[in-house]
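Report on one structure; see the data block that follows.
The values are calculated or read from the model by the stated rules, or taken from the named source; none is laboratory data. For clarity, every value in this text was computed on a predicted model and none was experimentally measured. Cβ: placed from backbone, ideal geometry, glycine included. Neighbour counts: every protein chain shown.
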Amino acid sequence: MKTLPMEHPCASHPLQEYAKLLKKDFHPLKKVLLLQAPQFLFDAINVDVIRNRGYYAYPPTGLQWLATSLSGRDIHLELHDLNLQVLQRLIADPDYDFHTWLEMLDDVLDQLQPSIVAVSCLTVYADLFNKPHPLTDLLAHLMQKNSHIVIAGGPTASNEIEGYLQRNLCHFVIDGEGEYKINYLLDFLLEDTIDHPEVPGIFFSHAGQVHESGGDVTPVAISGNLIESYRHVAVEAYCQAGCLNPYSRMMGQDTIYGVFQLHRGCRCDCAFCGVRTFMGKGVRSHQVEAALAEVRYLVEERGVRHFEVLDDDLLALPAVTAQFLDQLIPLRQSHSITWAANNGLITNSLTKELLDLMKASGCIGFKIGIEAGSNEMLRRMKKPGTPATFKKIAALLQNYPEFFVGGNYIIGLFGEETFAQMLQTYKLSIDLNLDWSSFSLFQVTSKATASDKPHGESGGAIDFIPTKSAPSRELLEDRALPLGPEVFAIPDDTLPSQELLKNIWLTFNMATNYIGNKNLAPGGDAVAFVRWVNALRISYPDNPYMALFAGLGQVVTGNLKQGLVDHAQSADILARSESWRYRFEKFQLAGLMKNFPNDREQVYNALVTITAEYATHC
Ligand code: B12
Ligand code: SF4
């Protein structure tokens, strides 16, 4: 596709031919609909968690950038977030049958009658074609109507370009960043402007073949902000329909939240991560003034009080970040804004100067990428840092009790990690002594990372967190496998199966975050612990250990009454679940349930006794 046609100064023949054909069938082409598909899998839906507002509801930032980039065109454009709308409906209407969700799309289509529909989606990596999937079902529904030119983009579509085109589920798939590509494509479809340079990454199927547009890869030069696009986005409604993560829930579920982004891309190229493939090499900054104006607008005119950072590498350009945070401080002072970075910060980039600015500008917490405790695995995944450098930063973080900091760890790396290496990760997590240790199982997250998937796995719809992969958010168990302290007797050179990995995950999680949590020990911040665990419980209403430990946290803070309420909730869940009763025995928690501590000292002593049990096995 490198030869140039006559009509367009830099166009590609097959794209032009295909666009001409489409234009015959779908005209006039002046109405564009941008759609965010539901971001969750309907066959793993948990309506109780949705009604607790525990599902993700992110404003459609990617589509807002597309809308902004299309703003100079003579088109009528609308942006609808079906993820938000389905969640809202499920919350508002107890009789709503979610199987009929595509009717919501029909309502939008009937009203607007768009000639071009562009759809975005991000779900867990899943089987897109043999099971119900929101993007696949939505595209099939649109194509069946044969009334619209259908364009798919965003992470899920970018992972399955050929699959979507070969099955005739859309006319175009746009891979990766979309601003330049959608404009180049619309040059052909609308013929109103022809001044966008040729760009690769536009895929379509024509004359029995999948084609890609030509040209040079050009990362989008980001300028301006999304203020104008917010007229399409009811940002005030998102907190009533879902959440961003536990940090947004910690700030109160009625607190209006939003997002901001200062950089696109990441300096690193960790082997398990899809960012480099998806966003391209290197980091690009937004203009600080423009990003600040957007935050100011959201705070002053739309009532947003809590933000989540969308950057993969917020600290990539420390001077830019420092300037941004410094100018955020007045908003913190005038409107008590808060922000969090659950997506994670690169540990080695944290400095005292940046941490001071983060504190002053309202940061309440963040995750840091540690991933592994063994040097071999850190090298294997190209993670910047060593256990020694991580310990140095973790020591610095102990001076900032205002932040609730979680370390991100992965176990089962590349299907090659031995139990001894996992144990190194576990021990490092204890040494770092952070507020939380987010252990996850190594999983395929995109096609780009699929070559590094665990041996023998097909890469199904598995979430990073094992308890989130089933609608009940419960783990299924094989009782022949070790669980609790006995996990530590697994021979060093074992390559654990996926089933055993789940038990290791549950044991590490229980030992570090609950039984051995620093905030449930003398000198810890039990108030922060309780807020965090209660934020988690919104997504895990049937989890008895979260209820139990929230109750213990309450007792440490002096609120025995609430502690007893939480204990009763835990007992109620246990009474209904033989499986949890079995696990409570294994984790040495049954005794705590029987003799629930009455005061702070009793909590400390009880947890020290159980921790000793884990330590002797370790
Ligand atoms: C915020 C975020 C989330 C949010 C949800 C965001 C949302 N809008 O729904 C949460 C926390 C829920 C999330 C979860 C997950 N995420 Co996430 N997430 C991000 C993050 C950090 C920012 C996304 C963002 O807003 N970017 C900013 C905007 C401008 O970019 P964008 O949305 O990608 O949009 C651009 C292009 O994609 C494209 N585009 C998007 N839509 C469309 C549509 C059309 C028609 C066109 C033409 C173009 C187009 O144009 C836009 C402008 O350039 C990105 C990393 C990153 N920095 O981008 C990871 C990222 C998207 N997530 C990723 C993953 C893997 C996940 C999970 C699957 C992880 C997991 N296993 O749990 C989950 C699954 C989500 C789920 N639904 O359950 C991967 C995707 C990799 C891939 N190629 O598939 C990314 C790239 C990070 C990574 N480490 O690799 N995520
Ligand atoms: S530092 Fe984080 S975002 Fe960057 S490549 Fe590594 S895992 Fe991905």
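Here are a few things to note about the model shown:
- Selection count where residues are without any contact (Cβ under 8 Å) to a residue 60 or more places away in the chain and out of contact with any helix residue (DSSP H, G or I) (no Cβ under 6 Å at 6 or more places or on another chain), scope segment 84-97: 7
- One residue from Asp216, Asp254 being at pLDDT below 95 and either more than 18 Å from the chain's Cα centre (by Cα) or more than 12 Å from ligand 1 (Cβ to nearest atom) (or both): Asp216
- Arg231 being basic (Lys, Arg) and surrounded by 15 or more Cβ atoms within 10 Å (Cβ to Cβ): no
- Residues that are away from ligand 2 (no atom under 16 Å from the Cβ) and small (Gly, Ala, Ser) within segment 268-301 comprise Ala290, Ala291, Ala293, listed in sequence order.
- When segment 1-52 is limited to residues that are small (Gly, Ala, Ser) and at pLDDT 75 or above, the one that is nearest to Gly153 (Cα to Cα) turns out to be Ala37.
- Test: residue in segment 221-228 that is among the polar types (S, T, N, Q), in a helix (DSSP H, G or I) and farther than 16 Å from Ala19 by Cα: no
- When Arg302, Arg276 are checked against the criterion of being of a type outside the set (Val, Ile, Thr) and crowded, with 17+ Cβ neighbours inside 10 Å, Arg276 stands alone in meeting it.
- Criterion: within 25 Å of the chain's Cα centre (by Cα), within 16 Å of ligand 2 (Cβ to nearest atom) and closer than 19 Å to Tyr230 by Cβ - qualifying residue of Leu310, Leu345: Leu310
- Any hit, segment 176-183, residues being over 20 Å from Leu34 (Cβ atoms) and within 16 Å of ligand 2 (Cβ to nearest atom): no
- Residues (among the acidic types (Asp, Glu) and free of Cβ contacts under 8 Å to residues at least 12 places away in the same chain) located in segment 293-341: Glu301
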